[in-house]
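Let me begin by presenting the structure, written as structure tokens, before commenting on it.
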């Protein structure tokens, strides 16, 4: 019996020696067949397609590297896991096992942290939307409340008066750090004096215990120096409090926003080559604090709420090719079973996509669409990919941050999420949705329960 | 579909159109198809031939062949049939 050759769909490609085009060069040279020793094919056979896969090993390694980057440069460091980045319970617990506190931005996230077993005093409560009920709970639990606006400050003071408790608070400070856009919608502004006014209100009231200062200057930051400026400004505020009231601000919370290895849309070079490392951010922040006027014998605790940089690379989205087609101008279009409903971050990033099976050196300029019957569902506008056939498997990289929280139940259902443990064993950590999980939340009024067509 | 007589196709998949000066590259399956088209083979025969040589069903091969022929037309490498 003769063995037939492996089939690859026929390709004819024009050779052009003019300006580089926006599809760029070929980037994939090897198929991506295994995650932590588990084959992509077996993961898809066991858990379906599409499926999110998280590597516990990568999360822990990344966390340890980040902790080392800061702890080798500064004596008092505390990480707080940013729940909104990925609040799947298994993920949160990996970070809590590593020593992270919880950083939450809603009553829902707060309750989730409590359910995970995080002590209230190790929960940082951020965000503009804290209800009176949320605040009462946080105050009772001795949590760290980061005040976003004056209405919240007044509400906390009212609860403090009523309950005779002294809530532990910080204020969030926004500021000019030389980057654009400047985030000024959260917290109190440094330059125009809002932050100083709010601090004076807190100190004069005597109702609240001002324990910290918080900032979060932006997202997917590519400039470590902006953090140095921010840390200096917060340290300056802390020193003014010390001078005026003789009150020590115990911690400086620098928030998050560190970039991962993803490539931002419009970036000229890949993020893996150009984005700053965690050491770059650590160096900028810790140098600024060490050089500030804080007394060397009582440096403030440095809190970091970084999310994306700790988990993006640990997440993979596995999917399959639904179909290939041609657009009107002859461009190749490939439709995947993975769309913007699952890959929210494809609105910001040019995600790296690798075939999970052998391929040749031929590539084709391709537009990657998702499965939704919606024009917005485009995963990659231009990518030079090896030739894919219907049914072929692909791996989308660096998807651990935000996708498993910002995903949409839209047109299709959300898939299984699997975590591969330290021994290479996969565990289902979130079951895929069924029509029941959606419809069980609905109610049909009696007069709408029947119809005839 | 037939390929124009002046189109040069090398054994390793380099295609040159002397009329326009344009050059192209084809992969192995594309090269097989071009060579069969040059010989005037019909669609059915090409599909059969490829299905004997490669691990793929005739439906997939036929679909890909139609797509390939469309690209050959787009690049003006085909002979207009009278």
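When the residues of the stretch B:13-31 are filtered to those that are within 8 Å of chain A (Cβ to nearest Cβ) and under 11 Å from the mean Cα position of the chain (by Cα), which remaining residue is farthest from residue B:61 (Cα to Cα)?
If we take residues in the stretch B:13-31 being within 8 Å of chain A (Cβ to nearest Cβ) and under 11 Å from the mean Cα position of the chain (by Cα), then B:15 is farthest from residue B:61 (Cα to Cα).
Please pick out the residue among A:64, A:14, A:76 that is within 14 Å of chain B (Cβ to nearest Cβ) and farther than 16 Å from residue A:404 by Cβ.
Every option except A:14 fails the conditions.
For the stretch A:55-167, list the helices (runs of 4 or more DSSP H) that sit wholly inside it and hold at least 1 residues that are closer than 27 Å to residue A:210 by Cβ and without any contact (Cβ under 8 Å) to a residue 12 or more places away in the chain; which are they?
By residue number, A:56-71, A:107-116, A:150-163.
Among the residues of the stretch A:381-402, is any more than 20 Å from residue A:355 (Cα to Cα) and surrounded by 18 or more Cβ atoms within 10 Å (Cβ to Cβ)?
For the stretch A:381-402, residues more than 20 Å from residue A:355 (Cα to Cα) and surrounded by 18 or more Cβ atoms within 10 Å (Cβ to Cβ): present.
Here are the criteria: (1) without any contact (Cβ under 8 Å) to a residue 60 or more places away in the chain; (2) surrounded by fewer than 20 Cβ atoms within 10 Å (Cβ to Cβ). Tell me which single one residue A:264 does not satisfy.
(1)
Within the stretch A:143-160, track down each residue that is surrounded by fewer than 17 Cβ atoms within 10 Å (Cβ to Cβ) and closer than 21 Å to residue A:79 by Cα.
Within the stretch A:143-160, none qualify.
Restricting attention to the stretch A:202-219, which residues are in contact with a helix residue (DSSP H, G or I) (Cβ under 7 Å, 6 or more places away or on another chain) and assigned to a loop (DSSP other than H, G, I, E, B)?
A:207, A:208, A:215, A:217
Okay, residues lined up against (1) at pLDDT below 95; (2) touching a strand residue (DSSP E or B) at 6+ places or on another chain (Cβ under 9 Å):
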{"position": "A:148", "(1), (2)": "no, yes"}
{"position": "A:171", "(1), (2)": "no, yes"}
{"position": "A:180", "(1), (2)": "yes, no"}
{"position": "A:221", "(1), (2)": "yes, yes"}
{"position": "A:228", "(1), (2)": "no, no"}
{"position": "A:234", "(1), (2)": "no, yes"}
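Scan the stretch B:51-62 residue by residue and report those that are surrounded by 16 or more Cβ atoms within 10 Å (Cβ to Cβ) and more than 8 Å from chain A (Cβ to nearest Cβ).
Across the stretch B:51-62, the qualifying residues are B:51, B:62.
Can you tell me which residue within the stretch B:66-79, out of those that are within 7 Å of chain A (Cβ to nearest Cβ) and within 19 Å of residue A:389 (Cβ to Cβ), is surrounded by the most Cβ atoms within 10 Å (Cβ to Cβ)?
Looking at residues that are within 7 Å of chain A (Cβ to nearest Cβ) and within 19 Å of residue A:389 (Cβ to Cβ), I get B:68.
Can you go through A:346, A:320 and tell me which one is under 21 Å from residue A:392 (Cα atoms), assigned to a strand (DSSP E or B) and either at pLDDT 95 or above or more than 13 Å from chain B (Cβ to nearest Cβ) (or both)?
The match here is A:320.
The values are calculated or read from the model by the stated rules, or taken from the named source; none is laboratory data. On a predicted model such as this, the values are computed, not experimentally measured, just so you know. Because the Cβ atoms are built from the backbone with ideal geometry, glycine has one as well, and the counts that use them run over all protein chains shown.
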